[in-house]
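Nothing in this text is a laboratory measurement; each read-out follows from the coordinates by a stated rule. Because the structure is a prediction, the values reported are computed rather than measured. Backbone-built Cβ (ideal geometry, glycine too); neighbour counts: all protein chains shown.
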């Protein structure tokens, strides 16, 4: 899907999962994500974290949070 977005699948139809959430934030509240460079990174008042509504990147006090990849069992 264009723009690096990961679609959510509803039935057999791919639906972008961030469109409605981006509408909750004005252009002034959105910032460029350091990971995907989309203007979709947001934060909430009194919360030291930012969340990218495009790629899902999370950072706390400017430090990116890396999620562990599931291990494979062989």
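Working out 0.36 nm times the residue gap between residue 44 and residue 24, then minus their Cα-Cα distance, what length gain in nm do you get to one decimal? Let's see the in-between values first.
Working: separation 20, 0.36 × 20 = 7.20 nm, distance 1.15 nm.
Value of the extension gain: 6.1 nm.
Please order 47, 42 by the number of other Cβ within 10 Å, starting at the fewest. Numbers along the way, then the final one.
Working: 47 9, 42 19.
Fewest-to-most Cβ neighbours within 10 Å comes out as 47, 42.
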Exposure-ranked with fewest Cβ neighbours within 10 Å first, 39, 30 stand as 39, 30
